Amino acid sequence: MQDSQGSRLEFRLGQRVHSSGDSRRIGTVKYVGPLEGYSGSWIGVDWDNGEGKHDGSINGVRYFNAKSEKSGSFVRAQNLNQGISLVEALEIRYRSESTKDEEDEMYVLSTSNKRVSVQLVGKDKIQDQLSRFEDLTSASLSYLGVSSPGSPGHISTTVPNIKELDLTGNLLSEWKDVGTICEQLPALRALNLSNNLMSQYSSGFPLLKSIHVLVLSNTGVDWEQVELLEKALPAIEELHLMGNNISRILPMSSSMVEGFDSLKLLNLDDNCIAEWEEIAKLSQLKCLEQLYLNKNCLNCIFYPNNDMHHELVNYTSEVTNHKLFQNLRCLLLGGNKIEDLTSVDSLNSFPKLVEIRLSDNPITDPGRGGIPRFVQIARLAKIEILNGSEVRPRERKDSEIRYVRQMISRLHANPEEIKQHPRFLELKNYHGIEDEKPSIKTAGPQTMGSGLLSITLKCVGASMGEKPPLTKKLPATTTVGKLKFLCGSFFKLQSMKLKLFFQEEGSPLPLLLENDMASLMDLGIGNDSIILVDEES
């Protein structure tokens, strides 16, 4: 910012600043004035990263309230930077020459451990292109201390063709400044304001017809402010609101979120939403295709029916006849607290849902009593991508057959359990799987109604040596304990205590087979499965 810093060392409460010499150490001015026992004027700063010295008080005197016990500190004015204009940041990022120190850092080590300088092929040509501001269509100005638009009209005459602008981690806080920047960039389609602590939005924001993507992650923006911004963003297609401590969806004019007629992607990852009723308020967004809700506090999911929806909105019957979440194709729910099967089954009611993430929830963690991947696939009829992994037709077929066989075995012992498996009969009939009759002990030989399964056994224990895999035909009623005994015999490992893992297709980690009394059928292990043989540690 050249000489501008020395000429204006006045600070105001609420102003965003960064530490001189470190544009990533950002905070908010909370106090300006004298300190008892110290000479001169001091600036009290509450640092975003929480790395200060106190909570806003010193020697028993409180000057401000910091957000945590150690996030505040007092700093001399000359040790703080009030920021620069957007055009000044452009000059620094794209026109400043690399220093000798920076160039000295560009090297590789030779085989003799000597530094060999690296020369970037085409560096001058690239630098020349970037320095011609009128040709720039994308600019990244993250963590450069941008605090203002600068002189009126300066942006539009300097970079008239910018379409994508990244202002992550700067000192912007006033919406009027954001509006001024956007007004001067008529071609701007994507704007990233992440990690700028924005003040409360009131009104007067200009109409931004060209903005399609807006990123407001970690800005402190709540849903009420989003609703106020909606009128200014008629073309918005992607809205990212990660890490804003949002716990409620609060529509302005009714109980349901309205408007956002072009919104296709809404990212609410890493917030504090605990009730699915809040998410149901988004069900009227007709263009919404992707909804990201990872790392919230949700403990259940349901598809809102028209009766409940009518209670929520008091709409006319003709409006409530529209399908809810009618175009939603992708729903990401990783890292929540979902623990019931009803929530998983409810996902079948979303009309176009084909991609789902359920990882890191109790219901999908077998170690916490959750269901494995093959059961998730069988219960979710239309899902094509699960937890980021494609569900191919072969995997779906195998998962559904395995699930049905597992359920047949369990339902003999507890017929009432069928109520918890709404797809069981459908899948059983679709795949033509016959009931296995319970065996009755007789003096004669026992037949296995379930037939034989082809199982490949692979030794993976470090102390087992190199042993080729074996493929064996085994009865579906073979228990885990029996299989351990057989593996000891097959691989001549009788002296070892073995443990077995099921290598499930599409799952990153094999599943430990802990229950020695469970049969292959009980576990849903089907034909052509792979079992890993390891040694107990």
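Scan segment 179-204 for residues that are part of a loop (DSSP other than H, G, I, E, B), of a type outside the set (Gly, Ala, Ser), open to solvent by 20 Å² or more (accessible area, probe 1.4 Å) and under 22 Å from VAL17 (Cβ atoms) and jot them down.
Result: ASN195, LEU197, GLN200, TYR201.
Considering THR364, THR320, which residue is among the polar types (S, T, N, Q), surrounded by 15 or more Cβ atoms within 10 Å (Cβ to Cβ) and at pLDDT below 80?
On the way: THR364 fails: at pLDDT below 80.
Matching residue, one of THR364, THR320: THR320.
Give GLY145, GLY169 a once-over and let me know the one that is under 26 Å from the mean Cα position of the chain (by Cα), of a type in the set (Gly, Ala, Ser) and buried (at least 17 other Cβ atoms within 10 Å of the Cβ). Full working, then the answer.
Working: GLY145 fails: under 26 Å from the mean Cα position of the chain (by Cα).
From the options GLY145, GLY169, the qualifying one is GLY169.
Using the structure shown, decide if LYS484 is open to solvent by 50 Å² or more (accessible area, probe 1.4 Å) and modelled with pLDDT of 90 or more.
Values: open to solvent by 50 Å² or more (accessible area, probe 1.4 Å): no; modelled with pLDDT of 90 or more: yes.
No: the conditions fail for LYS484.
Restricting to segment 512-529, count the residues that are open to solvent by 50 Å² or more (accessible area, probe 1.4 Å) and either outside any loop (DSSP other than H, G, I, E, B) or modelled with pLDDT of 90 or more (or both).
So the count comes out to 1.
Given (1) out of contact with any Leu (no Cβ under 8 Å at 6 or more places or on another chain); (2) modelled with pLDDT of 95 or more; (3) open to solvent by 50 Å² or more (accessible area, probe 1.4 Å); (4) not small (Gly, Ala, Ser), where does LYS264 come up short, assuming only one miss?
Every listed condition holds for LYS264 apart from (1).
Does SER253 satisfy being more than 26 Å from LEU293 (Cα to Cα), more than 23 Å from the chain's Cα centre (by Cα), open to solvent by 60 Å² or more (accessible area, probe 1.4 Å) and polar (S, T, N, Q)? Write out each step before concluding.
Numbers: more than 26 Å from LEU293 (Cα to Cα): no; more than 23 Å from the chain's Cα centre (by Cα): yes; open to solvent by 60 Å² or more (accessible area, probe 1.4 Å): yes; polar (S, T, N, Q): yes.
So SER253 does not fit the description; no.
Regarding THR471, is this residue β-branched (Val, Ile, Thr), open to solvent by 40 Å² or more (accessible area, probe 1.4 Å) and farther than 17 Å from ARG402 by Cα?
Values: β-branched (Val, Ile, Thr): yes; open to solvent by 40 Å² or more (accessible area, probe 1.4 Å): yes; farther than 17 Å from ARG402 by Cα: yes.
So THR471 fits the description; yes.
If we keep just the residues of segment 283-295 that are out of contact with any strand residue (DSSP E or B) (no Cβ under 7 Å at 6 or more places or on another chain) and either open to solvent by less than 10 Å² (accessible area, probe 1.4 Å) or not in a loop (DSSP other than H, G, I, E, B) (or both), which is farthest from ASP360 (Cα to Cα)? Can you show your working first?
From segment 283-295, those out of contact with any strand residue (DSSP E or B) (no Cβ under 7 Å at 6 or more places or on another chain) are 283-287, 295; that's our starting set.
Okay, now just the ones that are also either open to solvent by less than 10 Å² (accessible area, probe 1.4 Å) or not in a loop (DSSP other than H, G, I, E, B) (or both), so 283, 285.
Values: SER283: 25, LEU285: 27 Å.
Step by step, filter segment 283-295, then rank; the result is LEU285.
Considering segment 149-165 alone, what residues qualify as being within 19 Å of LEU214 (Cα to Cα) and open to solvent by less than 40 Å² (accessible area, probe 1.4 Å)?
Within segment 149-165, PRO149, ILE162, LEU165 meet the criteria.
Cβ-Cβ under 6 Å, sequence separation 6+ or interchain: first residue in segment 141-165 and of a type in the set (S, T, N, Q), partner assigned to a loop (DSSP other than H, G, I, E, B) and open to solvent by 30 Å² or more (accessible area, probe 1.4 Å). Which pairs?
Close Cβ pairs satisfying both conditions: ASN161/THR137; ASN161/ALA187.
Please find, among SER68, SER41, the residue that is open to solvent by less than 80 Å² (accessible area, probe 1.4 Å), more than 33 Å from the chain's Cα centre (by Cα) and without any contact (Cβ under 8 Å) to a residue 40 or more places away in the chain. Can you show your working first?
Numbers: SER68 fails: more than 33 Å from the chain's Cα centre (by Cα).
Exactly one residue qualifies, and that residue is SER41.
Restricting to segment 210-228, count the residues that are within 28 Å of GLU278 (Cα to Cα) and assigned to a loop (DSSP other than H, G, I, E, B).
If we filter segment 210-228 for residues that are within 28 Å of GLU278 (Cα to Cα), which is where we start, we get 211-228.
Retained after the next criterion (residues that are assigned to a loop (DSSP other than H, G, I, E, B)): 211-212, 216-222.
Residues that pass the stated criteria total 9.
Of the residues in segment 181-225, how many are touching a residue at least 60 places away in the same chain (Cβ under 8 Å) and among the hydroxyl-bearing types (Ser, Thr, Tyr)?
Count: 1.
Given the structure, is LEU207 more than 21 Å from GLY27 (Cβ to Cβ) and either part of a helix (DSSP H, G or I) or open to solvent by 30 Å² or more (accessible area, probe 1.4 Å) (or both)? Lay out the reasoning, then the answer.
Details: more than 21 Å from GLY27 (Cβ to Cβ): yes; either part of a helix (DSSP H, G or I) or open to solvent by 30 Å² or more (accessible area, probe 1.4 Å) (or both): yes.
When the stated conditions are applied, LEU207 passes them.
What's the number of the only condition in (1) under 17 Å from LEU331 (Cβ atoms); (2) open to solvent by 10 Å² or more (accessible area, probe 1.4 Å); (3) part of a loop (DSSP other than H, G, I, E, B) that GLU278 fails to meet?
(3)
Give the residue that is surrounded by the most Cβ atoms within 10 Å (Cβ to Cβ), with candidates limited to residues of segment 19-38 that are of a type in the set (A, V, I, L, M) and within 43 Å of the chain's Cα centre (by Cα). Let's see the steps before the verdict.
Kept after step one, since they are of a type in the set (A, V, I, L, M), are these residues of segment 19-38: 26, 29, 32, 35.
Within this subset, residues satisfying the condition of being within 43 Å of the chain's Cα centre (by Cα) are 26, 29, 32.
Values: ILE26: 24, VAL29: 20, VAL32: 17.
Looking at residues that are of a type in the set (A, V, I, L, M) and within 43 Å of the chain's Cα centre (by Cα), I get ILE26.
Within segment 14-51, restricting attention to residues that are within 19 Å of GLY145 (Cβ to Cβ) and in a loop (DSSP other than H, G, I, E, B), which residue is modelled with the lowest pLDDT?
GLY21
When only residues in segment 229-246 that are within 22 Å of SER202 (Cβ to Cβ) and surrounded by fewer than 16 Cβ atoms within 10 Å (Cβ to Cβ) count, which is modelled with the lowest pLDDT? Explain how you work it out, then say what you get.
Initial filter on segment 229-246 (within 22 Å of SER202 (Cβ to Cβ)): 229-234, 236, 239, 241, 244-246.
Next, only the ones that are surrounded by fewer than 16 Cβ atoms within 10 Å (Cβ to Cβ) stay: 231, 234, 245.
Numbers: LYS231: 88, PRO234: 93, ASN245: 97.
Filtering first and then ranking leaves LYS231.
Under the condition of being in contact with a helix residue (DSSP H, G or I) (Cβ under 7 Å, 6 or more places away or on another chain) and not hydroxyl-bearing (Ser, Thr, Tyr), which residue from segment 397-418 is most open to solvent (accessible area, probe 1.4 Å)?
Initially, segment 397-418 is screened for residues in contact with a helix residue (DSSP H, G or I) (Cβ under 7 Å, 6 or more places away or on another chain), giving 399-400, 402-404, 407, 410-411, 417-418.
From what is left, the residues that are not hydroxyl-bearing (Ser, Thr, Tyr) are 400, 402, 404, 407, 410-411, 417-418.
Numbers: GLU400: 12, ARG402: 18, VAL404: 0, MET407: 3, ARG410: 102, LEU411: 25, GLU417: 20, ILE418: 60 Å².
Looking at the filtered set, the residue picked out is ARG410.
Take the residues in segment 419-432 that are assigned to a loop (DSSP other than H, G, I, E, B) and of a type outside the set (Gly, Ala, Ser), then tell me which one is surrounded by the most Cβ atoms within 10 Å (Cβ to Cβ). Even if it seems obvious, please write down each step before you answer.
Restricting attention to segment 419-432, the residues satisfying the condition of being assigned to a loop (DSSP other than H, G, I, E, B) are 421-423, 431-432.
From the residues that got through so far, the ones that are of a type outside the set (Gly, Ala, Ser) too are 421-423, 431.
Values: HIS421: 22, PRO422: 14, ARG423: 18, HIS431: 13.
Checked segment 419-432; the qualifying residue surrounded by the most Cβ atoms within 10 Å (Cβ to Cβ) is HIS421.
Just for segment 378-396: of the residues that are modelled with pLDDT under 95 and assigned to a helix (DSSP H, G or I), which one is least open to solvent (accessible area, probe 1.4 Å)?
The selected residue is GLU395.
Return the residue satisfying two criteria in turn: it lies in segment 213-228 and is surrounded by fewer than 18 Cβ atoms within 10 Å (Cβ to Cβ) and not acidic (Asp, Glu), and of such residues it is farthest from GLU174 (Cα to Cα). Break it down into steps so the answer makes sense when it comes.
Of the residues in segment 213-228, the ones surrounded by fewer than 18 Cβ atoms within 10 Å (Cβ to Cβ) are 213, 220, 224, 228.
Narrowing the set further to residues that are not acidic (Asp, Glu) leaves 213, 220, 228.
Values: VAL213: 19, GLY220: 12, LEU228: 15 Å.
Across segment 213-228, the extreme among qualifying residues is VAL213.
Go through segment 392-426 and count every residue that is aliphatic (A, V, I, L, M) and touching a residue at least 60 places away in the same chain (Cβ under 8 Å). Even if it seems obvious, please write down each step before you answer.
Initially, segment 392-426 is screened for residues aliphatic (A, V, I, L, M), giving 401, 404, 407-408, 411, 413, 418, 425.
Still in the list and also touching a residue at least 60 places away in the same chain (Cβ under 8 Å): 401, 408.
Looking only at that region, the number is 2.
Considering segment 497-511 alone, what residues qualify as being farther than 14 Å from LYS484 by Cβ and surrounded by 20 or more Cβ atoms within 10 Å (Cβ to Cβ)?
Filtering segment 497-511 for residues farther than 14 Å from LYS484 by Cβ gives 503-511.
Passing the criteria: only GLU504.
The values are calculated or read from the model by the stated rules, or taken from the named source; none is laboratory data. What you see is a predicted model, and the numbers here were worked out from it, not measured in a lab. Note: ideal-geometry Cβ built from the backbone for every residue, glycine included; neighbour counts use all protein chains shown. All accessible areas refer to the heavy atoms of the entire protein, side chains included, with ligands and DNA or RNA removed. Shrake-Rupley method; radii C 1.70, N 1.55, O 1.52, S 1.80 Å.
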